[in-house]
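Below: the structure, in structure tokens.
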Amino acid sequence: MLYFLIRRFFWAIFLFLVATIITYIIFYVIPSDPAHIACGTHCTPQIVAHVRKSLHLDLPIYQQYWLFLWNMIKHQSLGYSYADGEQVNTIIRQDVPVTASLVFGGAVFWLSISIPIGILSALRPRSILDRFGMVFVLIGISAPAVWIGLILAYVVGFKLGWTPIATYCNLLPTSGVGTCSGPAEWAYHLILPWMTFMFLFAALYVRLIRANVMETMSEDYVRTARAKGASSSRVLFQHVLRNSMLPVVTILGMDIGLALGGAVFTEFVFNLRGLGSQLIQSANRDDLPVVVGIVVFACIAVIIFNFLVDVAYAWLDPRIRLST
Amino acid sequence: MALLEVTDLNTRFRTDDGIVKAVSGVSFTVESGETLGVVGESGSGKSVTFLTLMGLVDRRHAEVSGSVRFDGQEILGASGKQLQKIRGRRIGMIFQDPMTSLNPVKKIGWQLEEAVLLHNDVTHDEARRRAIEILKEVEIPKADTRIDDYPHQFSGGMRQRVMIAMALINNPEVLIADEPTTALDVTTQAQILRLMTKLQEEHGMAIVMITHDLGVVAELSDDVLVMYGGRVVEQAEVDDLFTKPEMPYTWGLLGSLPRLDITSARLEQIPGQPPSLLHPPSGCAFNPRCAYAFDRCHEELPELRAGAVGEGHRFRCHLSDDERARIWEAKKASLGAAEGSAA
């Protein structure tokens, strides 16, 4: 177990370095002048030069990168936005709850629809439900997130007027004029984004769960369970499900980790101020510290969820406990 | 009345390529306490026959007809609930591959207790006590601690003992063993067979030993069923079958059996492949591989008929009694001759 943790730790550092270095190199290659943007429209060349120096943009790229690493390790700081001088830590702290609400709520939605459909269509392959599920899957896989989001916003939000079309409300109650907050408002405003996520992911998960359940149903130990005299439902719940959920856990961990790094399109369509829309905005403004900050956060999210997957795996499958 | 009486059992699987005739017109009986050996190649229908009578073939893809009477009661086509009461309690079953036949994510204690709790109204502690008891009976060392291990912590032979324990934990009247030793190495095979014989004496259950190993049959069985192409081609008491087999496929099987008392330069083999059950040969299914086939064998399926010994020994072959006797005598002589030349 210790060996496993050490290995995992070094892997995480390596992943982190690669991701941030690539981000820096991309920004170095793009011909742009962040100092000019940071300074504003009415700047003299002298002031621009001053700004450039204060943002360390005059240093070679490897020194800038070193400075970024140093600040992060020494001060746990991701630096300051070029655009408005705000702390990147603060920006991310503001945006994470939005993206996290979107992703975790979406995951609950897509799992609660894909697990039952996946299992039922595995038990009755080629039935009407199975075929219906297949159509649903094809729509989900073929349609882009933006399109699904816009259609939902137009039909459910605008035409039917059942839900808000856009914006986010805080989960925890906050006071203030013109702000909405509280769990009910939070969920009410997030329904459409969650539905969008559900369409996107449920499709794949239905297929994945269906395939895994069918494969497990044909295992020898399932035949053994039936030969023991277990009923079909007992066979399904006690012998099939846990074994068939192993691959689903892997994919789920990866998807959630990745989506936390920014559900770009869904946030964009529903005007949610999360990491995804922040990433687009900052990239447009050449705001390197914010972009790198989000990359760092995404790395950490992916690493944490991969670790959680491993823990879940060891819990689900006793064969893994000995080999780690 | 026989304990298990199978009459004209047919199993057909619908596939995309057509209908697979896995089992055709199979009839036999199993008396309580006796051992029936069922021999045949892979794809001869021997496993499917017993999966069918246990109701373990997928009903959506299989058409089943005929009659299976267990203890006087028709169980073919019985409801799921009725079958669940019989499976695991009155008929136990063990399978070929012990490595994959136990659930990998459940402790073996859990799996044994499940078998008890499914059929008996007892507490968990009582179920666990019985599980430990049966593990001791199948000679698993340190049964009271090993009960909390997972299947992957056992060797193949030990897992097969667990499977046997699980099949016998409710004292069934019949144990169906589907190639229980095929996946094991030879020394372990011998141990498992000895264990099964011992348990049969103690529990008094009937055993159906499905195998392709004639050695196993010779050692354990009272009666033998030889299957080929989904049909019974010969059935006899074990001594009759070995001393006077009546049809060419059985001759081939006996000829391919390695024997230490006969030093033959080379084992005989049956040429060709097992027949396709999707497009079986017309007439006798064995005719493409039979050295003695003549016109009638290609046209007409031989009936299962009684030989010289009487109803106890039945076989399918168009060859006349004289011809068969002559061929078998010659075969016996050639086996003997091989011995002579080697000496």
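The values are calculated or read from the model by the stated rules, or taken from the named source; none is laboratory data. Because the structure is predicted, anything quoted here is derived from the model rather than measured. Using ideal geometry, Cβ is built from the backbone for each residue, glycine included, and neighbour counts are taken over all protein chains shown.
The table that follows gives values for the structure above.
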quantity	calculated
Extreme residue, farthest from the other protein chains (Cβ to nearest Cβ), among residues of region B:108-127 that are surrounded by 17 or more Cβ atoms within 10 Å (Cβ to Cβ) and not hydrophobic (A, V, I, L, M, F, W, C)	B:Gly109
Options A:Ala166, A:Ala153, A:Ala122: the member that is buried (at least 21 other Cβ atoms within 10 Å of the Cβ), of a type in the set (A, V, I, L, M, F, W, C) and modelled with pLDDT under 80	A:Ala153
Count of region B:306-327 residues which are surrounded by 12 or more Cβ atoms within 10 Å (Cβ to Cβ) and over 18 Å from B:Gly255 (Cβ atoms)	8
Residue that is within 14 Å of another protein chain (Cβ to nearest Cβ) and farther than 22 Å from B:Leu257 by Cα, where the choices are B:Ile210, B:Ile147, B:Ile176, B:Ile140	B:Ile176
Residue satisfying condition, being within 14 Å of chain B (Cβ to nearest Cβ) and part of a helix (DSSP H, G or I), within set A:Thr216, A:Thr250, A:Thr266	A:Thr216
Single residue of region B:251-274 satisfying the filter (among the small types (Gly, Ala, Ser) and modelled with pLDDT under 70) that is nearest to the chain's Cα centre (by Cα)	B:Ser264
Evaluation of B:Gly72 against (1) at positive phi; (2) touching a strand residue (DSSP E or B) at 6+ places or on another chain (Cβ under 7 Å) (one fails), failing number	(2)
Only listed residue being assigned to a loop (DSSP other than H, G, I, E, B), of a type in the set (A, V, I, L, M) and within 13 Å of chain A (Cβ to nearest Cβ), chosen from B:Val57, B:Val48	B:Val57
Any hit, region B:208-222, residues being within 22 Å of B:Glu137 (Cα to Cα) and in a strand (DSSP E or B)	yes
Test for B:Ile91: is it within 9 Å of another protein chain (Cβ to nearest Cβ) and of a type in the set (Val, Ile, Thr)	yes
Selection from region B:292-318 of residues that are out of contact with any Phe, Trp or Tyr (no Cβ under 9 Å at 6 or more places or on another chain) and at pLDDT 90 or above	B:Tyr292, B:Phe294, B:Asp295, B:Arg296, B:His298, B:Glu299, B:Glu300, B:Leu301, B:Glu303, B:His313, B:Arg314, B:Phe315
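Conditions tested, residue by residue: (1) within 30 Å of A:Leu120 (Cβ to Cβ); (2) touching a Ser or Thr at 6+ places or on another chain (Cβ under 8 Å).
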residue	(1), (2)
A:Phe237	yes, no
A:Val240	yes, yes
A:Asn243	yes, yes
A:Leu252	yes, no
A:Phe268	no, yes
A:Leu272	no, yes
A:Val292	no, yes
A:Ile320	yes, no
